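See structure below.
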Amino acid sequence: MMAIGVCWAAAGLTLAIAVAQTESVPARPTFEQALQGAQALLAKDLLQARAAFEKILATEAWSGYRPLVEVGLATVDRLEQDPFAGLVRLQRAREQLVQQTPAGGKHPLHDMVQRRILIESMYCHVALGLIDLARRDLDALEPLLAGVGPRVRYGACQAAIDLRIGSSEWALARQRAQAALRDEEMLQAVPGARDVLSARKAMASRRLARSPDEAALVARELTDCAAAVSEAPLRFRLTMEAAAAWLAAGPASSGFAAARRGLEGLALDRPAAECAEVLAMRARHAVAAGDAGQLPGLRTQLAGAVQASGAAVRATPVRAGGVGYFHFEVARNALSVQLSLDRRLQPSAPEVAFLHLESGLALGTLSRRLGGAVATLAEVRARLLPERGGLLAYLLAPAGGQVVALDADGGVHEEFAVDEPFLAAIRELTREVEHEPADRSGAGVAALRQRAAGIAARLLPPAIAERLRGWRHVVLVGDEQGVGRIWQALPWDDTWTCTSFAVTHVGSATLGLALATRADQRRATTGDRLEVAVVGDPDHAPGTERFGVAPLQLSEPQREVLLAGLSTERQTWWRAEAKATSLRDPRIASARALCIVAHGIQDPARERFAGLLLAATNGDDGALFADQIESLVVPPLVVLAACAPGLAPQRVGEDGGSHPGGAFLMAGADTVVLASGQVPLAATLELTGAMFAARREGLGVAAALRRARQQIAGQAARGHPYYFAGLRAIGRPD
């Protein structure tokens, strides 16, 4: 995902607002002039633009146009790096539009203002990395486009392309841009539209280039696009895109030297994120050109810019379902280059790279809500490294993947290539492991294992793999929705990583230490205490068919598969008693573990869409989502034997706060065991029971889960990772 919505300022947005107003509204000329004047300032001076919009807003005679002016101010907020404030303004615009709508009628500006609200909302959500919400905006926008003129169509089309670019859907972005470039009516009606759309097509094409020659062709196209535009923000973005394309084309390509000179000429008096982007690109070009003399100075400058960029993120108010630092491709790239320079210039000090990586990981939502200051190396070594194991921290970025391994004997830092085919292979392997396999035969498993071996070769470079040979426990640190979902389904010797290692995933070392500190401070519960509380097999209320799941209706033998591994100090809440209100029972709050056996559900109308379906009570349909879970008090261990409660919205770097697993951590759990995809009922009941049985022998959560996986994987009919690798432990390491 890249920061396109923030960087592209008024490239087309001014036009989109103005033409919507002029095509749809017979407004007073004086208001038109004032509004268009304010919009023109968006590309020149944001302070003046804000003042102009606020002056319009304060003019009582134009009060009927306030929703439209609020949209303009939301654009200013976003371009000033505060898209959260922009979303607040857009909500105000919606409320004003409703208030101004006649009873039983429709406001004459309604559709036009709604389009503007939705388009700006898309840009704000993309700027925040909330791609799922931006897609919802697009879905609401499209019905409002029937019969609109070519200029309004252009503004909506441009926003839709930017959404695809912002979510790294390069093929779709290029297809959409190519289709728009065939709309001659639109191109003739909007001056400059061809240049803007061609630029977007070229940006998408850069990611899809598969050879140096293809990259060189795209680089020349991007260079020409940059020369053709006048808006400074758009020209900057295209210059950076062209520099990346020339880098892919190689230092021997015709435009590489000119691109490098252009980078050197870019001023650094710009926002910290852009400054870091420029410095990172300069460093990449210097490395490609073999100019090692520049690297120490660039490393120092880049470290300062990355730190300043992170400080700006930390100053942004954190949201319950918010985002972290890495939702922009440019942020991941800048940090990846910094780590690469660390490795190049201080190869014997992998700890330095780890601390730099941790400073970015600690900006995730859960890390910020539960953690404090960024973890120090001394704290990590003293409290987070497991016995007979260590910590693996990952960063995936187009500029290169980074992995740092730390254990009691020191550490090692390695790099690996990240490209679209590699990312596509990860997505495909994730799909295969998290959905019922079409071929579970030995041959099918062997074929999957071969595909997974290619991924493992990059994620576990030889030096990292050698370090792991002496480990039994892995603390996996980094993006949970990326490497975290697939790491434990990688081949390892003649078995799999999840059966060879006890694995716990945590978004950052800072979060892991915060969970450990909270656990140490937890008061001891007095009196009788359940070992395990089981809430499961819920009855479903009428109307919940919309979630597409049928009641589990476990048989007694099926329940016994689970219960056989549990302590006798347990209590069960089955069927009608398996309801959300039961989770507030003091006996559950004081238990050592909670196991929920239910269906995972998704509600696309919710921002945090993943939930659990329990039994209904008092008019409640039993659907339980993250915001409700966070208000509970839960035991230290929560096991969710359900499909997909760990499936979060697409928010890179968010570190788990959007899904029910993160919500249970907020509610007091130290560790949550959950899945992001489908899980088979019979194998999951057996695996969960075996895990609890291993816990009774004194094993930690991750070690017990490893023991249970070995039992399932050892069965001839369950050799496919779908049966044993879906559940994973997140939170506090053992």
So for region 151-167 (the condition being outside the structural domain of Ala397 (by TED's automatic domain parsing) and touching a His at 6+ places or on another chain (Cβ under 8 Å)), does at least one residue qualify?
no
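Taking the residues in region 302-337 that are over 21 Å from the mean Cα position of the chain (by Cα) and in contact (Cβ under 8 Å) with a residue 24 or more places away in the chain as candidates, determine which candidate is nearest to Met281 (Cα to Cα). I'd like the intermediate steps shown before the answer.
Step one: of region 302-337, the residues over 21 Å from the mean Cα position of the chain (by Cα) are 302-305, 308.
When the remaining residues are screened for being in contact (Cβ under 8 Å) with a residue 24 or more places away in the chain, the result is 302-303, 305, 308.
On the way: Leu302: 10, Ala303: 13, Ala305: 13, Ala308: 17 Å.
For region 302-337, the residue satisfying everything is Leu302.
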Every listed condition ((1) farther than 20 Å from Trp492 by Cα; (2) out of contact with any strand residue (DSSP E or B) (no Cβ under 6 Å at 6 or more places or on another chain)) holds for Gly400 save (2)
Hey, can you tell me all the residues within region 488-498 that are touching a residue at least 60 places away in the same chain (Cβ under 8 Å) and either surrounded by 22 or more Cβ atoms within 10 Å (Cβ to Cβ) or closer than 20 Å to Arg332 by Cα (or both)?
Gln488, Ala489, Trp496, Cys498
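If we scan region 613-622, do we find a residue that is in contact with a Gly (Cβ under 9 Å, 6 or more places away or on another chain), at pLDDT below 95 and not assigned by TED's automatic domain parsing to the domain that holds Glu434? It would help to see each step written out before you state the result.
In the first step, residues of region 613-622 are kept if they are in contact with a Gly (Cβ under 9 Å, 6 or more places away or on another chain); the result is 613-616, 621.
If we keep only those that are at pLDDT below 95 too, we end up with 616, 621.
From what is left, the residues that are not assigned by TED's automatic domain parsing to the domain that holds Glu434 are 616, 621.
Scanning region 613-622, I find at least one residue that is in contact with a Gly (Cβ under 9 Å, 6 or more places away or on another chain), at pLDDT below 95 and not assigned by TED's automatic domain parsing to the domain that holds Glu434, so the answer is yes.
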So Ala623, is it over 19 Å from the mean Cα position of the chain (by Cα), surrounded by fewer than 24 Cβ atoms within 10 Å (Cβ to Cβ) and in contact (Cβ under 8 Å) with a residue 60 or more places away in the chain
yes
Would you point out which residue out of Arg427, Arg431, Arg451, Arg440 is assigned to a helix (DSSP H, G or I) and closer than 23 Å to Leu681 by Cα?
Arg431
Search result, residues across region 581-612 that are aliphatic (A, V, I, L, M), modelled with pLDDT under 95 and under 18 Å from Ala644 (Cα atoms)
Ile601, Ala605, Ala610
Mind checking which residues of region 568-596 are under 32 Å from the mean Cα position of the chain (by Cα), surrounded by fewer than 16 Cβ atoms within 10 Å (Cβ to Cβ) and touching a residue at least 40 places away in the same chain (Cβ under 8 Å)?
Arg584
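Of all helices (runs of 4 or more DSSP H) completely enclosed by region 136-209, which ones contain at least 1 residues that are hydroxyl-bearing (Ser, Thr, Tyr)? Break it down stepwise before answering.
Values: elements: 150-166, 170-180, 184-189, 193-208.
Correct list: 150-166, 193-208.
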What about Ala729, is it touching a Leu at 6+ places or on another chain (Cβ under 9 Å) and either buried (at least 24 other Cβ atoms within 10 Å of the Cβ) or among the acidic types (Asp, Glu) (or both)?
yes
Within region 443-464, is there a residue that is in contact with a Ser or Thr (Cβ under 8 Å, 6 or more places away or on another chain), over 28 Å from Ser359 (Cα atoms) and free of Cβ contacts under 8 Å to residues at least 40 places away in the same chain?
no
Give me the pairs: first residue in region 97-118 and over 19 Å from Trp62 (Cα atoms) and assigned by TED's automatic domain parsing to the domain that holds Ser63, second residue buried (at least 21 other Cβ atoms within 10 Å of the Cβ) and at pLDDT 85 or above, beta-carbon distance under 6 Å, and six or more apart or on different chains, which are they?
Leu118/Asp137
Single condition Glu545 does not satisfy, out of (1) in contact (Cβ under 8 Å) with a residue 12 or more places away in the chain; (2) surrounded by fewer than 22 Cβ atoms within 10 Å (Cβ to Cβ)
(1)
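Can you list the strands (runs of 3 or more DSSP E) lying wholly within region 614-713 that have 1 or more residues being among the polar types (S, T, N, Q)? Walk me through it before giving the result.
On the way: elements: 623-625, 637-641, 671-674.
Ranges flagged: 671-674.
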Counted residues, region 415-452 - those being of a type outside the set (A, V, I, L, M, F, W, C) and either crowded, with 21+ Cβ neighbours inside 10 Å or in contact with a Cys (Cβ under 7 Å, 6 or more places away or on another chain) (or both)
2
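Yes or no: region 260-271 includes at least one residue that is in a helix (DSSP H, G or I) and more than 24 Å from Leu335 (Cβ to Cβ).
Taking region 260-271 and keeping what is in a helix (DSSP H, G or I), we get 260-265.
Filter once more, keeping what is more than 24 Å from Leu335 (Cβ to Cβ): 261, 265.
Yes - at least one qualifying residue is present in region 260-271.
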Pick out the one residue from Arg728, Arg706, Arg696 that is charged (D, E, K, R) and either in contact with a helix residue (DSSP H, G or I) (Cβ under 6 Å, 6 or more places away or on another chain) or under 24 Å from Val549 (Cα atoms) (or both).
Arg728
Test for Leu552: is it within 21 Å of Gln711 (Cβ to Cβ), among the hydrophobic types (A, V, I, L, M, F, W, C) and in the same structural domain as Val633 (by TED's automatic domain parsing)
no
Within region 342-380, restricting to residues that are buried (at least 18 other Cβ atoms within 10 Å of the Cβ) and small (Gly, Ala, Ser), the one that is nearest to Ala514 (Cα to Cα) is Gly371
Contact list please: Cβ distance under 7 Å, first residue in region 228-255 and modelled with pLDDT under 90, second residue aromatic (Phe, Trp, Tyr) and crowded, with 24+ Cβ neighbours inside 10 Å, pairs at least six apart or on different chains.
Pro233/Trp8; Leu234/Trp8
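Looking at Val534, is it crowded, with 16+ Cβ neighbours inside 10 Å and not small (Gly, Ala, Ser)? Let's see the steps before the verdict.
Numbers: crowded, with 16+ Cβ neighbours inside 10 Å: yes; not small (Gly, Ala, Ser): yes.
Yes, satisfied.
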Considering only residues that are in contact with a helix residue (DSSP H, G or I) (Cβ under 7 Å, 6 or more places away or on another chain) and more than 30 Å from Arg135 (Cα to Cα), which ones fall in region 598-618?
Thr617
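The values are calculated or read from the model by the stated rules, or taken from the named source; none is laboratory data. Keep in mind that what you see is a predicted model, and the values were worked out from it rather than measured. Heads up, the Cβs are rebuilt from the backbone with ideal geometry, glycines too, and the neighbour counts pull from every protein chain shown.
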